[in-house]
Amino acid sequence: MKCPHCQVDSDRVTDSRASQDGACTRRRRECLNCGFRYTTYERIEGAGPKIIKKDGTREPFDRMKIKRGLEKACWKRRISDEQLEAVVAAVENDLEARFEPEVASREVGELVMQQLRKLDQVAYVRFASVYRQFEDVHDFVHELKPMLAEERKKHGE
């Protein structure tokens, strides 16, 4: 493992533990060259399903694409990297539990939105606006109506 600070391939593991969802191992490392400390995540690489994109092409499942989309949706929100990893892991686990060789990208997006809606409503709307290609403010209102109705029920209005 190369140090992200000095790029030297010499480190030691100072702590190692399973993640909360059990999908990966979290390791704290220390560079033996510069002393920089950093965290890595290790997971078993599986075959995973192929994702069928809107244009009909197929590509291997890529958890980093989901993570990048989540990072954009959660920009300047109080959401930790661990929370984002948990969302990605939940989506990945759901897909693996299906045992399907191919999954439509639409389904993957819906799984991400389900998880994100539980985590942060603003990030959810940001993600939905890009994923569902909102054209105007009416699309936002249409997406927000069910969320507002749920909030009213919660607060007894």
Going by the structure shown, is Arg27 over 13 Å from the mean Cα position of the chain (by Cα) and closer than 19 Å to Arg117 by Cβ?
no
So Arg68 fits all but one of (1) touching a helix residue (DSSP H, G or I) at 6+ places or on another chain (Cβ under 8 Å); (2) basic (Lys, Arg); (3) outside any loop (DSSP other than H, G, I, E, B); what number is the exception?
(1)
Counting only residues that are out of contact with any helix residue (DSSP H, G or I) (no Cβ under 8 Å at 6 or more places or on another chain) and either touching a residue at least 60 places away in the same chain (Cβ under 8 Å) or under 19 Å from Lys72 (Cα atoms) (or both), how many does the stretch 103-125 have?
7
Does the stretch 132-157 hold any residues that are touching a helix residue (DSSP H, G or I) at 6+ places or on another chain (Cβ under 9 Å), closer than 12 Å to Gln121 by Cβ and of a type outside the set (Asp, Glu), and which are they?
Leu144, Met147
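Hey, among Glu100, Glu96, Glu85, which residue is over 21 Å from Gly56 (Cβ atoms), surrounded by fewer than 18 Cβ atoms within 10 Å (Cβ to Cβ), in contact (Cβ under 8 Å) with a residue 40 or more places away in the chain and of a type in the set (D, E, K, R)? Give the derivation first.
Working: Glu100 fails: over 21 Å from Gly56 (Cβ atoms); Glu85 fails: surrounded by fewer than 18 Cβ atoms within 10 Å (Cβ to Cβ).
After ruling out the rest, the residue left standing is Glu96.
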Might you check whether a residue that is among the small types (Gly, Ala, Ser), in a helix (DSSP H, G or I) and assigned by TED's automatic domain parsing to the domain that holds Leu148 occurs anywhere in the stretch 72-83?
yes
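The values are calculated or read from the model by the stated rules, or taken from the named source; none is laboratory data. Small disclaimer: the values here were computed from a predicted structure and weren't measured. For neighbour counting, all protein chains shown are included, and Cβ atoms are generated from backbone atoms with ideal geometry for every residue, glycine included.
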